Amino acid sequence: MLGIAAAVLFFIAFLINAAHIATNDVLSSTNFMLIGLAALALHIAGIGGARPARGWGRRR
């Protein structure tokens, strides 16, 4: 789920940068990219992902 959020944040950052939209410092394209990188790092670390189905657990 965080991977999708990161992709959306990267797309928003791209639109702000490509359209040369004048925003304040809080909503700059750099800040959107940094938040997207943080979400992507959490996704890769395994935080915020979907739980595996019951059948995917360790066999006994």
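The values are calculated or read from the model by the stated rules, or taken from the named source; none is laboratory data. From a predicted model like this one, the values you see are computed outputs, not experimental measurements. A quick note on method: Cβ atoms are made from the backbone with ideal geometry, for glycine too, and the neighbour counts reach across all protein chains shown. Surface areas here come from the heavy atoms of the whole protein model, side chains and all, with no ligands, DNA or RNA. Shrake-Rupley method; radii C 1.70, N 1.55, O 1.52, S 1.80 Å.
Details
- From the list Gly55, Gly36, Gly3, the lone residue that is in a helix (DSSP H, G or I), modelled with pLDDT under 85 and not polar (S, T, N, Q) is Gly55.
- Hits in the range 5-47 - residues which are open to solvent by less than 90 Å² (accessible area, probe 1.4 Å) and either touching a Phe, Trp or Tyr at 6+ places or on another chain (Cβ under 6 Å) or charged (D, E, K, R) (or both): Leu9, Ile12, Ala13, Gly36
- The range 6-33, subset in a helix (DSSP H, G or I) and among the hydroxyl-bearing types (Ser, Thr, Tyr), residue modelled with the highest pLDDT: Thr30
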